[in-house]
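To start, the structure itself, in structure tokens.
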Amino acid sequence: MDPHPPARQGAQPADALQWFDTTSGLGSDLFLLCDERGRVLRAGSDALLLLGRRWNEVRDVPLARFVHPDDLALVGTLFARATGAREDHAAGRVRCSTPDGDEVPTEMTVRPLPVH
């Protein structure tokens, strides 16, 4: 799963959404695009399948709602590291939760969207 925080300051939202829509269809990674508060703005179909959810169930919902409670601190750390000046991305193992309560282990990479 590759949740993307918003582009760094100065990027146009339309550019970020276009980049996500193009990139999320490539390769085998699962993509979620989140805003600066961690709310889901876009989700690739494979990410929805992994989460066991429909688009209307994740749209504008905090990503934290789909993360195992024991991994919430790690997700916060990954977002902080990736959006800080020190690193361009951060990665770690995070468990997601399905509506049935199943835990799905994922490798989460957080990175800001490129500025065009």
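The values are calculated or read from the model by the stated rules, or taken from the named source; none is laboratory data. In this text the structure is predicted, and so the values were computed from the model without any measurement. FYI the Cβ positions are ideal-geometry reconstructions off the backbone, even for glycines, and counts take in every protein chain you see. Keep in mind that these areas ignore ligands, DNA and RNA; they rest on the heavy atoms of the full protein, side chains included. Shrake-Rupley method; radii C 1.70, N 1.55, O 1.52, S 1.80 Å.
The rows are residues; the columns are (1) touching a helix residue (DSSP H, G or I) at 6+ places or on another chain (Cβ under 8 Å); (2) within 18 Å of R111 (Cα to Cα); (3) modelled with pLDDT under 85.
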residue	(1), (2), (3)
L17	no, yes, yes
T22	no, yes, yes
F31	yes, yes, yes
L48	yes, no, no
V61	no, no, no
V75	yes, yes, no
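What residue, of V75, V94, V58, is touching an Asp or Glu at 6+ places or on another chain (Cβ under 6 Å) and within 14 Å of C34 (Cβ to Cβ)?
Step by step, each of V75, V94, V58 is checked, and only V94 is touching an Asp or Glu at 6+ places or on another chain (Cβ under 6 Å) and within 14 Å of C34 (Cβ to Cβ).
Keeping to the range 84-94, report how many residues are modelled with pLDDT under 90 and either on the phi > 0 side of the Ramachandran plot or open to solvent by 70 Å² or more (accessible area, probe 1.4 Å) (or both).
4
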